[in-house]
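The values are calculated or read from the model by the stated rules, or taken from the named source; none is laboratory data. Keep in mind it's a predicted model, so treat the numbers as computed, not measured. Methodologically, a virtual Cβ is constructed for each residue, glycine included, from the backbone with ideal geometry; neighbour enumeration extends over all protein chains shown. The area values use the complete protein model at the heavy-atom level, side chains included, leaving out ligands, DNA and RNA. Shrake-Rupley method; radii C 1.70, N 1.55, O 1.52, S 1.80 Å.
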Amino acid sequence: VGDDWMPDGDTWSQSNIDAYRSLINRAHETAPYHITDGFNTAPSETSMATYTSVGYVPSAVGLWLGRALHLPFDVTFTLGRWMNLLAYCIVSFVAIRIIPVKKILLCAVALLPTNLFMASYYSYDPWLISFLFVAIALVVREICTPDKKLSTKTWLTVFLVFFVALGPKAIYFPLIGLLFLLPKSKFESAKQRRLFIGSVVLLGCIVVATFLLPFVASGAGDSSDMRGGSDVSAPGQVAFILADPLRYVGILINFFVNQYLAIGMSCEYTLSFAYFGNLGMVYPWLCTFPVIFLLFVAVSDAGEHSWLLCKAPIIAWMALLFILTVGLVASSLYVSFTPVGLDTVKGCQPRYLLPLIFPLLALCFNFRLQNRIRSDRYNLACISLSCVPMVLCCWFLVASKVFV
């Protein structure tokens, strides 16, 4: 629409906003629609109906509905965002209904400001996070009912939810390994259990193939992201890792301990509103509040049924899956985004930890404690405190810039 609409300075008056809205609405009515390169995995492809684009379905439904109703562009654009948020809320609600324990913890994680912020924009992360909530809820439900046999319907449902959840980011495929936690008593026979384990492995292989095969087919050359700089080379980085794997492990450990997983960095994936800013930068003393609060809820949201999760194999297996997944995420960015041989990882955004927070807290922070606080008071207090960071983020990072 050009730059003529830009006001002088950083402050927009209401007349500036109204003028810009009218301008983009008029451009929307007169401009033709066409598909351009850059939105697809390959320039020769024009279809968006791919496994990896499934996370954009809610937003696409909103945009389609706005166009079908011939709404103005600004309303249609907003509707696409609202549909994404609505889908996140509905799927998260389903997960809370399904899971028999840790309901308050799941609610608290779903209400993290960064989760809700991403859900209100055009992002596929909410699809991944919310459907993983459902998948983990189904797994936890089966673990907490060891004497109830695993039905074919539940078997297929869990597989389908994992498959749908991992479409946007298949790099989180190690979480499929949670299915190995189902006790032997869930199966009618040893043969059925072996068949289940084999099908879990097959599901993992299918998901892995969705992102690994294109990488291998291109010889790793097309996976380099030049936004990381001219020194980025996926083939060169792979060769560097294979030449000295111990050094690379040391780079990862240093990156995790001193940067990525440091508790002081937690505000980057809990209180961040992207380009609007970070509440932890406005009030540094709030940086660690969400993580400390989630740890408290993980421990206190306990009862006799949650004790079924208090087993060393479950804790150890979840911890291993967490380390493996985070390692894969960091490695993918080290190969595709980081200059060859650099002693840190570039482009590994803190928000990539969000899909892992709930399973880590739900399965690794369990103790044989009995919460004797009245459930209505405890639930109200925890949910209210979960909403406080979101309210503060909305005011200080967004609303105050408009009204003050």
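The table for this structure:
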{"quantity": "With all protein chains modelled, accessible area of C387 [1.4 Å, Å²]", "calculated": "50 Å²"}
{"quantity": "Rounded Å value of the spacing that divides the Cα centres of the stretch 251-267 and the stretch 86-163", "calculated": "27 Å"}
{"quantity": "Value of D in µm² per second that Stokes-Einstein yields for the stretch 230-300, Kirkwood Rh from Cα pairs, at 37 °C (0.692 mPa s)", "calculated": "222 µm²/s"}
{"quantity": "Largest-first ordering by accessible area, 1.4 Å probe, given options S15, S384, S120, S92", "calculated": "S15, S384, S120, S92"}
{"quantity": "Rule-of-thumb Rg ratio for the stretch 101-198 [Cα; 2.2 N^0.38 Å; N residues]", "calculated": "1.20"}
{"quantity": "Rough spin-label spacing in nm, given labels placed 7 Å along Cα→Cβ, for I373 and K153", "calculated": "3.7 nm"}
{"quantity": "Residue-level accessible surface for R67, protein heavy atoms, 1.4 Å, Å²", "calculated": "130 Å²"}
{"quantity": "Cleavage-rule hits (chymotrypsin sites (Phe, Trp or Tyr not before Pro)) in the stretch 265-374: DSSP loop, at most 12 neighbouring Cβ within 10 angstrom", "calculated": "F367"}
{"quantity": "Cα long-axis angle, helix 152-165 against the chain (0 to 90 degrees, to the nearest 10)", "calculated": "40 degrees"}
{"quantity": "Helix axis angle, 354-364 relative to the chain longest principal axis, alpha carbon, degrees", "calculated": "20 degrees"}
{"quantity": "Top of S189, S53, S266 by mean-square fluctuation, Gaussian network on the chain, Cα under 10 Å", "calculated": "S189"}
{"quantity": "0 to 90° range, to nearest 10: angle between helix 234-243 axis and the chain longest Cα axis", "calculated": "30 degrees"}
{"quantity": "Histogram of C-alpha separations across the stretch 268-333, 5 Å bin width, %", "calculated": "3, 13, 12, 15, 18, 18, 12, 6, 2"}
{"quantity": "Cα pair distances in the stretch 62-153, grouped into 10 Å bins until the bin that holds the longest one, percent each", "calculated": "16, 37, 25, 15, 5, 1"}
{"quantity": "When the stretch 327-389 is reduced to its Cα atoms, the Kirkwood hydrodynamic radius in Å", "calculated": "15.4 Å"}
{"quantity": "The stretch 297-404 shape via C-alpha gyration tensor axes, a/c threshold 1.5", "calculated": "oblate"}
{"quantity": "Cα extents of the stretch 149-193 along the three principal axes, largest first (Å)", "calculated": "35, 19, 13"}
{"quantity": "Among the listed pairs K103/K311; K103/K169; K186/K311; K169/K401; K191/K311, those beyond 23 Å (Cα-Cα)", "calculated": "K103/K169; K169/K401; K191/K311"}
{"quantity": "Probe 1.4 Å, accessible area per residue of the chain, Å²", "calculated": "52 Å²"}
